[in-house]
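Engineer: First the structure, which I've put down as structure tokens, then a few questions once you've had a look.
The values are calculated or read from the model by the stated rules, or taken from the named source; none is laboratory data. From a predicted model like this one, the values you see are computed outputs, not experimental measurements. Because the Cβ atoms are built from the backbone with ideal geometry, glycine has one as well, and the counts that use them run over all protein chains shown.
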Amino acid sequence: MDTKVVQAGQGLKAGRREWIGLAVLALPALLVSMDTTVMYLAVPALSTALKPNSVELLWISDSYMFLEAGFLITMGTLGDRIGRRRLLLLGGVAFAVASVIAAFAPSTLLLIFARGLLGIAGATLLPSTLSIIRNMFHDEHQRTTAIGIWTTCFSAGTMLGPLIGGLLLERFWWGAVFLIPVPVMGILLLVAPRLLPEFREEKPAPMDLISTVLLVISVLAVIYGIKQISESGMAGLPVVLIAAGLVLGGVFWGRQKTAVHPLIDMGLFRSSRFNTALTALLFALFTWAGIYFFVSQYLQLVLGLDPVKAGLLTMPGAAGSIVSCSLAPVFVRHIRRGYLMAIGLTIMAAGVGLLAVIGLNDLPTLVIGTVVLTMGCGGVVTLGIDMVVATAPPERAGAAAGISETSTTLGSALGIALLGSIWTAGYQAKMDFGVPAGVSVQMREAARNTLGGAMSAGTQLGEPLGSVLVDTARTAFVQSLNLTAMICGAGILIVAVFVGVRLRAVR
């Protein structure tokens, strides 16, 4: 199929070929989300096999996210230059090769390298699929439906990942979970050239390598700094990294205004639709990721459930996201986009509000709250991505898709870091006055830092002092979660009003 540039047009209805092509584009979205969830299941088994230290174990988990976040915008722009389908196929090959390397990695260092390569390959897949959807579906209702299907598949991957990964880990070695993408990518490589048209700029400009380096380093520095703060608290190095990333980001921003061939079309940011949709995406993922950071801890540490049961109890939330992603294209035919996104953010606030009143041993409230939260989030993400990608001209759709994905990644990292910091401050304040007398200074400090540390100290102390310490820590965890959820819920309500007002004229 000839390479071409498709001009924007309304009312151009997609046919059967485009809808079949959408099924092909849904495969990478499904796999990228699955790859994240199965990784957490494989950690205990690969830890036994490869024996990584604590720092190496963190890099096995984090190298994927860091490099994916750093390269999203660059890869989206590259797809605009060389062709979205071509980049999708190249990324599919790289993803499959990296998956095989990860599956059979004999050492921790090679596994970290493979995970990093998976992150770079993953950065090619999501912007490519979204930008191709933008160029295949010009009719507004069809495009929204197509992106709704895409986000539904992404949500489904988060639910299928633990199920498929758990089955593989029961029967095979830890590396088997990394082989899931290989056959699927094989199908993609076989059918994509036949079903997907190619789109690229008619006269592609050269890539600005200096801007590319500035962008990648700035995003990596900020994301890594935020991640370190969420794990270890405020410290000198993370703050320096974030500051350096922001400075480099400022240099990048200034260069885009003067460069002959800028990496990003700065005119996009003058659109209120574009900026407001990005804001909604960032705060939706901020809330979702930040709150879910506490959900698994509540299930396992407060309620005492094993990882399998805890994983199963997160599935209703994933199902809620699937439902809302599917229904958003239907509702948007009857309700204005801005109002619908504001409603979705308000629903998220309601779900968070349930966690603001949750108590000890309150599983029903937790499950209902997470379902409500994810139902609101799914609709916001579907409509937000659709608006961001549609605002950009077709020849810049790849860069716009990369920007939207970077916004969601940054929102997730900020949610975990900032809400985690609020929770930590509340938890430590309550533990300062609640640790019973007779606990050593060392154990007191461990219990004060995390609930897991309190439970470990309680086991060492024995009865009855250990039980008192654990009960105190569990109560402090829940009370601090209530406070954190209350603050987060109020914040997301403010964003809902902002989005509704800014987008009130968007039909």
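Engineer: All but one of (1) outside any helix (DSSP H, G or I); (2) of a type in the set (A, V, I, L, M); (3) over 30 Å from residue 472 (Cβ atoms) hold for residue 357, so report the exception by its number.
Structural biologist: Only one criterion is unmet by residue 357, namely (3).
Engineer: Further, regarding this structure: Which condition number does residue 270 fail, the rest of (1) of a type outside the set (Ser, Thr, Tyr); (2) under 30 Å from residue 214 (Cβ atoms); (3) in contact (Cβ under 8 Å) with a residue 24 or more places away in the chain being met?
Structural biologist: It fails just one condition, (3).
Engineer: Can you pull out the residues in segment 321-370 that are of a type in the set (Gly, Ala, Ser) and under 25 Å from residue 142 (Cβ atoms)?
Structural biologist: Filtering segment 321-370 for residues of a type in the set (Gly, Ala, Ser) gives 321, 324, 326, 328, 338, 342, 344, 349-351, 353, 356, 359, 369.
Within segment 321-370, 321, 324, 326, 328, 338, 342, 344 meet the criteria.
Engineer: Since residue 115 meets every condition but one in (1) under 29 Å from residue 256 (Cα atoms); (2) charged (D, E, K, R); (3) crowded, with 24+ Cβ neighbours inside 10 Å, which condition does it not meet?
Structural biologist: (1)
Engineer: Could you pull out the residue among 323, 372 that is farther than 27 Å from residue 475 by Cβ, surrounded by fewer than 24 Cβ atoms within 10 Å (Cβ to Cβ) and free of Cβ contacts under 8 Å to residues at least 60 places away in the same chain?
Structural biologist: Result of the check over 323, 372: 323.
Engineer: Since residue 159 meets every condition but one in (1) within 16 Å of the chain's Cα centre (by Cα); (2) closer than 30 Å to residue 312 by Cα; (3) surrounded by 24 or more Cβ atoms within 10 Å (Cβ to Cβ); (4) not β-branched (Val, Ile, Thr), which condition does it not meet?
Structural biologist: Of everything listed in (1) within 16 Å of the chain's Cα centre (by Cα); (2) closer than 30 Å to residue 312 by Cα; (3) surrounded by 24 or more Cβ atoms within 10 Å (Cβ to Cβ); (4) not β-branched (Val, Ile, Thr), residue 159 misses just condition (3).
Engineer: Just for segment 283-297: of the residues that are at pLDDT below 85 and hydrophobic (A, V, I, L, M, F, W, C), which one is surrounded by the most Cβ atoms within 10 Å (Cβ to Cβ)?
Structural biologist: Going through the qualifying residues, I end up with 294.
Engineer: Of the residues 263, 209, 167, 246, which single one is within 28 Å of residue 29 (Cβ to Cβ) and at pLDDT 75 or above?
Structural biologist: Sole residue among the options that is within 28 Å of residue 29 (Cβ to Cβ) and at pLDDT 75 or above: 167.
Engineer: I need a count of the residues in segment 326-350 that are free of Cβ contacts under 8 Å to residues at least 60 places away in the same chain and buried (at least 19 other Cβ atoms within 10 Å of the Cβ).
Structural biologist: 2
Engineer: For the structure I just gave you, tell me whether residue 284 is in contact with a helix residue (DSSP H, G or I) (Cβ under 9 Å, 6 or more places away or on another chain) and assigned by TED's automatic domain parsing to the domain that holds residue 473.
Structural biologist: yes
Engineer: Does segment 416-432 contain any residue that is closer than 19 Å to residue 374 by Cα, at pLDDT 80 or above and among the polar types (S, T, N, Q)?
Structural biologist: The answer is no, given that none of the residues of segment 416-432 is closer than 19 Å to residue 374 by Cα, at pLDDT 80 or above and among the polar types (S, T, N, Q).
Engineer: While we're here: Is it fair to say residue 175 is among the small types (Gly, Ala, Ser) and under 30 Å from residue 379 (Cβ atoms)?
Structural biologist: In short, no.
Engineer: Moving to a separate point now. Identify, from the list 66, 71, the residue that is modelled with pLDDT under 85, among the hydrophobic types (A, V, I, L, M, F, W, C), in a helix (DSSP H, G or I) and crowded, with 24+ Cβ neighbours inside 10 Å.
Structural biologist: 71
Engineer: Looking only at segment 95-119, count every residue that is among the hydroxyl-bearing types (Ser, Thr, Tyr) and part of a helix (DSSP H, G or I) and tell me the total.
Structural biologist: Matching residues across segment 95-119 total 2.
Engineer: Continuing with this model, one more query. Could you go through segment 128-150 and let me know if any residue there is touching a residue at least 12 places away in the same chain (Cβ under 8 Å), over 29 Å from residue 15 (Cβ atoms), assigned by TED's automatic domain parsing to the domain that holds residue 27 and not in a helix (DSSP H, G or I).
Structural biologist: Taking every residue of segment 128-150 in turn, none turns out to be touching a residue at least 12 places away in the same chain (Cβ under 8 Å), over 29 Å from residue 15 (Cβ atoms), assigned by TED's automatic domain parsing to the domain that holds residue 27 and not in a helix (DSSP H, G or I).
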